[in-house]
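**Student:** Attaching a single structure in structure tokens format; questions to follow.
Taken together, the values in this text are just the output of simple stated rules run on the coordinates, not laboratory data. Nothing here was measured: the structure is a model prediction, and the numbers come from that model. Quick reminder, even Gly has a Cβ in these numbers, built from the backbone with ideal geometry, and neighbours come from all protein chains shown.
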Amino acid sequence: MMENWRERITVDPNVCHGKVCIRGTRIMVSIILDNLAAGVSREEILSSYPSLALQDIDAALAYAAELARERFVPLPVESLSFGNHCPAAQEPGQAERACLGGAGASPPIRSTT
């Protein structure tokens, strides 16, 4: 597994509406994963997105694997206030849950490992 995926993945609220992207690009990790899930080869993805490197695809997969472990994956964010971005939050403490998975959703599970 790629151990240094954090060096290739970034979150910036000013880029792609704060979606997780490959560092230095506007290519969202979800686009790479969607393509792989649809059976698009790595070579086709690299051809369609010339600014990508093979390591970026590996980083996207490693990021997805980290998320699949159902634990909180911290990424540096320059500025984010859930209350300002999520109108579904009606009271303190509900903003994060509402924005991340619906008004009744549980907060992310944080791993102790």
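**Student:** Which one of the conditions (1) without any contact (Cβ under 8 Å) to a residue 12 or more places away in the chain; (2) out of contact with any Ser or Thr (no Cβ under 8 Å at 6 or more places or on another chain); (3) of a type in the set (K, R) does K19 fail to meet, given that it meets all the rest?
**Tutor:** Among (1) without any contact (Cβ under 8 Å) to a residue 12 or more places away in the chain; (2) out of contact with any Ser or Thr (no Cβ under 8 Å at 6 or more places or on another chain); (3) of a type in the set (K, R), the lone unmet condition for K19 is (2).
**Student:** On to the next question. In segment 44-66, how many are assigned to a helix (DSSP H, G or I), closer than 22 Å to E7 by Cα and of a type outside the set (F, W, Y)?
**Tutor:** Final tally of qualifying residues: 14.
**Student:** Exactly one of these conditions fails for P13: (1) crowded, with 16+ Cβ neighbours inside 10 Å; (2) in a loop (DSSP other than H, G, I, E, B); (3) not acidic (D, E). Give me its number.
**Tutor:** (1)
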